[in-house]
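Notes for the one structure printed next.
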Amino acid sequence: MKNYGLIKYLNADITNFTSVKGIKRRQKIAGVLKKLLIIATKEKIVVENYPKLEKNEPYIFVATHGFTNDIIASLATIDRNAYLLLGTTDQVEHNSLMNFAWLNGFIYVNRTDDESRKSAVDKMEFVIKHGSSVMLFPEGGFNNTENKLINRPFAGAYLLAKRTGAKVVPIAPFYEYGSDTIYMNYGEPMDLSMYDTKQEAIQVLADVLSTMVWANLENHSTGLTRANLTGDIHMAFMEERRQEYLKSSWTRDVWEEELTVYKDKEHPSPEDVRKSFTNLKLTGLNCKCVAPFLLELERDQKYDFKEYMHHKWMKK
């Protein structure tokens, strides 16, 4: 069933995605909505750290992204209304829970489209300049990596801080797959506008969020012994991530959009470098150095999470 009342927001521009009256109304109902969100969350939400924020000051809340209910848990525990930057087209179109996002206030962004991302920053600026806060997930999508604390953030938080002077509040939700508790940790407000370049600001934000994620892992993750690591642990990890996605209902194969991550053209990741050599040819002259590299590339392709989701997303 389609959310016909929400579909129009997929193409809304700066003049009709919200209104000043809408912003004020959402500020008034924020307390009631947060209680509803807590009721709607199956897991217990525990707030461990929360900074002292100025009562009537708008902020840019930025959260790490790794599990289905981190959006709800973040919106439920922020002490004020914060418009949500949302880039999940299929969910806006079909998931009835997105009506809560509308009640809260949301800004749609097509993560694969440059113009949509620029427009989203304009819309967030409008919200902040009319007295309300915004919340975004700078990684763009879930962190589905096995060894990165966070994915490299997009620059939206920095661009918005530069335009508005609003401070950035980092958030690191934590949930261990299969548990019944979500831990919420908030950091102190940061002034990203003080940095001259987005590269510097992004690195600072990434460092702060990574430190908070590491603290969560130390405090709340369950330890493993070598005896627990049986079978193909990489494939088991991907299947766990797939099950996390399947907690939401999807109507189609959406993973080209959902698995969007920041691409750094100047400093590509090792994974991107390896993928750029997919057409490398093996010859008698280069076989000693190229053959091991191609074997490593073939192994990595086996664990390509996007391809895994394309192949198995509907299979139980």
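When residues in the range 209-226 are screened for being in a helix (DSSP H, G or I) and open to solvent by less than 80 Å² (accessible area, probe 1.4 Å), 8 of them pass. Among the numbered conditions (1) out of contact with any helix residue (DSSP H, G or I) (no Cβ under 9 Å at 6 or more places or on another chain); (2) closer than 27 Å to ILE45 by Cβ; (3) open to solvent by 30 Å² or more (accessible area, probe 1.4 Å), the only one that SER119 does not meet is (2).
Among the conditions (1) under 13 Å from the mean Cα position of the chain (by Cα); (2) open to solvent by less than 10 Å² (accessible area, probe 1.4 Å), the only one that GLY156 does not satisfy is (2).
Criterion applied to VAL47, VAL32, VAL62 was being without any contact (Cβ under 8 Å) to a residue 40 or more places away in the chain and either over 26 Å from ASN151 (Cβ atoms) or of a type outside the set (Ser, Thr, Tyr) (or both), and the one residue passing it is VAL32.
It is to be established whether one or more residues within the range 282-292 are modelled with pLDDT of 90 or more and either over 30 Å from PRO138 (Cα atoms) or among the basic types (Lys, Arg) (or both). No, there is no match, as no residue in the range 282-292 is modelled with pLDDT of 90 or more and either over 30 Å from PRO138 (Cα atoms) or among the basic types (Lys, Arg) (or both).
Looking at LEU192, LEU205, LEU149, LEU136, just one residue is buried (at least 16 other Cβ atoms within 10 Å of the Cβ) and either free of Cβ contacts under 8 Å to residues at least 24 places away in the same chain or more than 16 Å from the chain's Cα centre (by Cα) (or both), and that residue is LEU192. Counted as qualifying within the range 1-98 are the helices (runs of 4 or more DSSP H) with 2 or more residues that are open to solvent by 50 Å² or more (accessible area, probe 1.4 Å), of a type in the set (A, V, I, L, M) and at pLDDT below 95, namely 20-40.
Every condition in (1) at pLDDT below 90; (2) open to solvent by 60 Å² or more (accessible area, probe 1.4 Å) holds for LYS162 except the one numbered (1).
Residue-wise test of (1) farther than 20 Å from SER116 by Cβ; (2) of a type in the set (A, V, I, L, M, F, W, C).
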| position | (1), (2) |
| --- | --- |
| LYS2 | yes, no |
| LEU6 | no, yes |
| ASN11 | no, no |
| VAL20 | yes, yes |
| ILE23 | yes, yes |
| LEU33 | yes, yes |
| ILE39 | yes, yes |
| ILE45 | yes, yes |
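Might you let me know whether the range 121-135 holds any residue that is within 29 Å of THR211 (Cα to Cα) and in a loop (DSSP other than H, G, I, E, B)? Yes - at least one qualifying residue is present in the range 121-135.
The values are calculated or read from the model by the stated rules, or taken from the named source; none is laboratory data. Model, not experiment: these values are computed from the prediction. Please note: Cβ atoms are built from the backbone with ideal geometry, for glycine as well, and neighbour counts cover all protein chains shown. Each accessible area value is taken on the protein alone, full model and side chains, heavy atoms only, with ligands, DNA and RNA left out. Shrake-Rupley method; radii C 1.70, N 1.55, O 1.52, S 1.80 Å.
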